[in-house]
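Student: Structure incoming, see below.
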Amino acid sequence: MAPASEIDLFAPIERDTVLEVRTSKMKTMPGLKIETGIDKRIRSGRVPVSFIGLDADEHDLVFHGGKDKAIHGYCCSHYLTWRKEFPEASSHFDRGGFGENFVTERMNERNVCIGDIVSVGDDGVLLQVSLPRQPCFKLNHRFQLKNFAPNTYKTSRTGWYYRVLHEGTVQAGDEIRLVQRKWPKWTIERVQEYLHRTQDDAAMNEELAAIADMGDESRKAFEKRVEKLKATQKRAAGAEEKERWRDFKIVEKTVQTPRVSSFVLEAMKQDPEAGEMPLGSHARLKLPNGLLRSYSIISGNPNRFELGIALEESSRGGSAYLHNLSKEGDIIQVGRVTADVKPAGAASNHVFIVGGIGITAFLSMVEMYREIHWQTTLHFALRNADDDMPFRSRIEALGDSVRLYDSSKGQRMDIPAIFANLSWNSHVYVCGPKRMMDQATLESKKRGLGEDEVHFEAFAADTTGDPFEVEVMSARDKDNKVLQVGAEETLLEVLRKHFGEDEMPSSCEVGNCGTCKVAVKSGQVEHRGTALLDEEKNEAMLSCVSRGVGRIAIEI
């Protein structure tokens, strides 16, 4: 066997050798409570191969296994490169580290093509290359390197999957021989170029979507992109998509607690192209009394979804109208639906810190994380767990993932302790009253957590402050306008008065989503909300919550 440093990974190859055959049973991942099949051990002798993979090889079937992912192949020559690039984790980079079934030396992402049919050994086994391997957070945890997984597809060192065309047996030392190559231009590396690195090439997306031998996981990703690009092309060239208001009927109104009711809204006219509802979405409602309000979506799809709404003690008419005046059968208009929280797929552990009605922001996300076997803990504080828990059956179904704190019994959530006891590579999500948010913000900074490790979701915002003046540069108007923003007004409200609602998009209006962002040209800004990264605050502001100091200039 040649030293890895002497192997030309770009050299065409039609034959290679299976150096090792590896399988595993499901095991608990060190430091976590979830199970994984990544820890594969060497098998000796002949190993049966069926259409679902190798004998006695177990997978987390949410993301692995199945006919398109029956066997995982990996080039062991990559391990030397990984050791050089990540010397602090060099002891982890050895054969089997990526959870591969077949260890090869020369076959790799640069000379293996989608759809390749290969024979293995002399017992009739035929395999077909079906997919590039999609890395997940378990690689980060296995190698103890935060955010390591994206490096694998950025460098095309992920490995690839086979589907089984003909069963038989295999063993270490068997020869792999190329039998047929249908798609010679589409190496695994080139597929990954358009799957991950260059996603907006319309022609390539269309060509890849048409490769019948590609497994569903990747092919459907390309198909969705083609559909999205076609939809984008239908819009007016260069025009901002105006907010579209659709009529929805309240089909269910349910009292969850004395303070919280749920509302199921269903579109009067179904949109067959609506797609899926992103986790953590909220919808903007135009109420019959003229008010515009945004509320978190706790389940559903763009044509039918459920909201959970608390009756605010200081309601300005939004929650009061829905609780006291609305009824089943009423029509409510729904506008922009946005999602401002992205699932942290690179994290090993997900910790939710929630108070009261804040559960609506994250409940569907917690449920999904558990369904796909991500380690999840929900810290949930309530006034009274007996009387004040909305969506009780769904929360109880989360089992031991939930830690309840009942204020009526003197129980208090210890936020400093939660942050102090975070396990390695955790991601934190926070939604609750201002005091909870402020304390979580303080603790996250104390612990040195980055913006990509904590997500804050506000359900109320203080938008008042000192009056200020704003000079507005607009592409629509030749002359700049100077506007006054009063102590009780938001910049967004003032801009809408002068430029119209369609020209000033927004959604959550509490600083979570970033839809209302405007460019700042000069002046000092008092930043509020959580949608902007620190580096963005030098040149942008959230018009729904942030305020200028004295005089500022912006561009819309």
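The values are calculated or read from the model by the stated rules, or taken from the named source; none is laboratory data. The shown structure was predicted, so the numbers you read here are calculated from the model rather than taken from an experiment. Neighbour counts are summed over all protein chains in view; Cβ atoms, including those assigned to glycine, are modelled from backbone coordinates with ideal geometry. Please note that ligands, DNA and RNA were not included when accessible areas were found on the heavy atoms of the full protein model with its side chains. Shrake-Rupley method; radii C 1.70, N 1.55, O 1.52, S 1.80 Å.
Student: Using a 1.4 Å probe and counting only protein heavy atoms, arrange Trp82, Trp424, Trp245 so the residue with the most accessible area comes first. Can you show the working numbers first?
Tutor: Values: Trp82 0, Trp424 80, Trp245 55 Å².
Listed by decreasing accessible area, they come as Trp424, Trp245, Trp82.
Student: Let me ask something else about it. With charges set only on the Cβ (+1 for Lys and Arg, -1 for Asp and Glu), what does the dipole of region 194-340 come to about its Cα centre, in debye to the nearest 20?
Tutor: Here region 194-340 has a charge dipole of around 580 debye.
Student: Excluding same-chain residues fewer than 8 positions from Lys228, which lysines have a Cα within less than 22 Å of its Cα?
Tutor: Lys220, Lys242, Lys269, Lys342
Student: Let me ask something else. Keeping every protein chain present and rolling a 1.4 Å probe, give me the accessible area per residue for region 173-222 in Å².
Tutor: Values: 2360 Å² over 50 residues.
Each residue of region 173-222 exposes 47 Å² on average to a 1.4 Å probe.
Student: So, one more: Using a 1.4 Å probe and counting only protein heavy atoms, arrange Arg496, Arg370 so the residue with the most accessible area comes first.
Tutor: If we order Arg496, Arg370 from most to least accessible, we get Arg370, Arg496.
Student: Using just the helices of the chain, give the 222 nm mean residue ellipticity in deg cm²/dmol: DSSP H runs with n ≥ 4 each add -39,500 (n - 2.57), and the total is spread over all residues, rounded to 500.
Tutor: On the way: 12 runs with 106 residues, N = 556.
Taken over the chain, the calculation gives -5500 deg cm²/dmol.
Student: Taking the Cβ-Cβ separation of Ala56 and Ala420 as r and a Förster radius of 51 Å, what is the calculated FRET efficiency to the nearest 0.05?
Tutor: It comes out at approximately 0.75.
Student: Another question, if that's okay. Pull out the extension gain between Gln270 and Arg177, defined as 0.36 nm times the separation in residues minus the alpha carbon to alpha carbon distance; nm, one decimal.
Tutor: 28.3 nm
Student: Still on this structure, please answer the following. Take Leu442 and Met26, extend 7 Å from each Cα along the Cα→Cβ direction, and tell me the distance between the two endpoints in nm.
Tutor: Computed distance between label sites Leu442 and Met26 equals 4.3 nm.
Student: Helix 434-446 sits at what angle to the longest principal axis of the chain, using alpha carbons and giving 0 to 90 degrees rounded to 10?
Tutor: 40 degrees
Student: Going down the table (Lys69/Lys230; Lys249/Lys286; Lys67/Lys182; Lys224/Lys253; Lys497/Lys517), which pairs top 23 Å between alpha carbons?
Tutor: Where the Cα-Cα span goes over 23 Å, the pairs concerned are Lys69/Lys230; Lys224/Lys253.
Student: Below 19 Å, Cα to Cα, which lysines can Lys446 reach? Residues fewer than 8 away in the same chain don't count.
Tutor: Cα-Cα hits under 19 Å: Lys434.
Student: Need one value: the accessible area of Arg246 in square angstrom, 1.4 angstrom probe, rounded to the nearest 10.
Tutor: The value for Arg246 is about 40 Å².
Student: If you don't mind, there's one more thing I want to ask. If you compute Kirkwood radius over Cα pairs in Å for the structure shown, which of [x] 25.8; [y] 26.6; [z] 25.0 do you land on?
Tutor: Computed from these coordinates, Kirkwood radius over Cα pairs in Å corresponds to label [y].
Student: Under a plain spin-label model, where a point goes 7 Å from the Cα along Cα-to-Cβ, how far apart in nm are Arg412 and Thr198?
Tutor: Going from the Arg412 label point to the Thr198 one covers 5.8 nm.
Student: Quick one: order Asp452, Asp201, Asp174, Asp400 from most to least accessible surface, probe 1.4 Å. Spell out each step's value before the answer.
Tutor: Values: Asp452 105, Asp201 55, Asp174 15, Asp400 125 Å².
From most exposed to least exposed: Asp400, Asp452, Asp201, Asp174.
Student: I'd like the Kirkwood hydrodynamic radius of region 2-161, using the inverse of the mean 1/r over distinct C-alpha pairs, in Å.
Tutor: Kirkwood hydrodynamic radius for region 2-161: 16.2 Å.
Student: Please list 439-449, 346-356 highest first by mean number of surrounding beta-carbon atoms within 10 Å per residue.
Tutor: The most tightly packed comes first, giving 346-356, 439-449.
Student: A further question on this structure: Can you tell me which of 534-542, 337-345, 88-96 comes out highest on packing, and rank the rest after it, using the mean Cβ neighbours within 10 Å?
Tutor: Averaged packing, sorted descending, gives the order 337-345, 534-542, 88-96.
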